[in-house]
Amino acid sequence: MRKSLLALGVVAAVSAPAMAADYTDGDIHKNDYKWMQFNLMAAVNEKGPGKESTHDYLEMEFGGRSGIFDLYGYVDYFNITGNSSSDKSGSDKLFMKFAPRMSLDAVTGKDLSFGPVQEVYVASEMIFYGGSSEGQYKIGLGSDINAPWLGKMGLNLYGNYDNSKKDWNGYQLSTNWFKPFYFFENGSFISYQGYLDFQFGMKDEYSQSSTGTAMFNGIYWHSDRFAVGYGLKLFNDVYGFEDGAAVPWNSAQTNDSSGVGHYFAVTYKF
């Protein structure tokens, strides 16, 4: 599935100089904001368990800040055209990700910044698959950091609980970025945006590979109301499915879980 960006299209939240969060005055709502957008997506050669996937989907993406809570999330609806030849036809239509974080700076009223770290969080991530009871739950520590050139980035380290196995299974290191780098006279701009999810320490009894990587690299044009973009996504044994190994639930197929995928997006911002 797709990414976990800071706040796609919320320029004020991610392109301003990264500064330490200061809640020592007790005003935990002074940095509040919210955003929502719809993305019409086309995925080409997406990697994962089984054969590579080419499909369309509609995504509702949202996020914001309210007091001690920071939120990012999205809901994907696959095969919106109802194409019977799509590899998504007859399968689950929905995929949902919610990633709330709780600011320890705001909770304690103290400045916990140090070095490049601007704010510290208890971070979580919840993944749900439509039509099944399976899910992934992650919990750990998160931060906003100030990186050279890229500016403000999210950086989170989670432990992963697999609800279908009722057991912990490895860890995930995630980072995301949004960097406007070319501005037009009418106020629109081009950005480099993306994320990196690196899973490691996954158990042999649950995963074919102990590691899995997905990195999204997007070039997008943004205006106040619209965005259009292309993303190149790099996969390596993504989600712990070993490339070329038999699909766990269908030994007649092999995984195409490493390589390059392409994503095209048209966005309307609310």
For segment 232-248, which positions are of a type in the set (A, V, I, L, M, F, W, C) and either without any contact (Cβ under 8 Å) to a residue 40 or more places away in the chain or touching a helix residue (DSSP H, G or I) at 6+ places or on another chain (Cβ under 6 Å) (or both)?
Leu232, Leu234, Ala245, Ala246
Report whether or not Ser164 is touching a residue at least 12 places away in the same chain (Cβ under 8 Å) and outside any strand (DSSP E or B).
yes
Within segment 112-136, residues outside any strand (DSSP E or B), surrounded by 15 or more Cβ atoms within 10 Å (Cβ to Cβ) and not hydrophobic (A, V, I, L, M, F, W, C) come out as Ser113
Within 21 Å of Val44 (Cβ to Cβ), touching a residue at least 60 places away in the same chain (Cβ under 8 Å), surrounded by 14 or more Cβ atoms within 10 Å (Cβ to Cβ) and not acidic (Asp, Glu), is that true of Gly229?
no
Name the single residue, out of those in segment 152-185 being modelled with pLDDT of 95 or more and among the small types (Gly, Ala, Ser), that is nearest to Ser113 (Cα to Cα).
Gly154
Of the conditions (1) at pLDDT 95 or above; (2) in contact with a Leu (Cβ under 8 Å, 6 or more places away or on another chain); (3) of a type in the set (Ser, Thr, Tyr), Ser124 satisfies every one except a single condition; which number is it?
(2)
Ile139 being closer than 23 Å to Ser103 by Cα, modelled with pLDDT under 95, touching a Gly at 6+ places or on another chain (Cβ under 8 Å) and assigned to a strand (DSSP E or B):
no
Give segment 49-76 a look and list any residue that's surrounded by 16 or more Cβ atoms within 10 Å (Cβ to Cβ) and of a type in the set (Ser, Thr, Tyr), or say none.
Ser53, Tyr57, Tyr72, Tyr74
For segment 189-270, which strands (runs of 3 or more DSSP E) that fit wholly inside it have 2 or more residues that are within 17 Å of the chain's Cα centre (by Cα), on the phi < 0 side of the Ramachandran plot and modelled with pLDDT of 95 or more?
189-200, 212-222, 226-236, 259-269
Answer yes if at least one residue in segment 182-204 is in contact with a helix residue (DSSP H, G or I) (Cβ under 6 Å, 6 or more places away or on another chain), closer than 28 Å to Pro49 by Cα and of a type outside the set (Ser, Thr, Tyr), and no otherwise.
yes
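The values are calculated or read from the model by the stated rules, or taken from the named source; none is laboratory data. Because the structure is predicted, anything quoted here is derived from the model rather than measured. Neighbour counts are summed over all protein chains in view; Cβ atoms, including those assigned to glycine, are modelled from backbone coordinates with ideal geometry.
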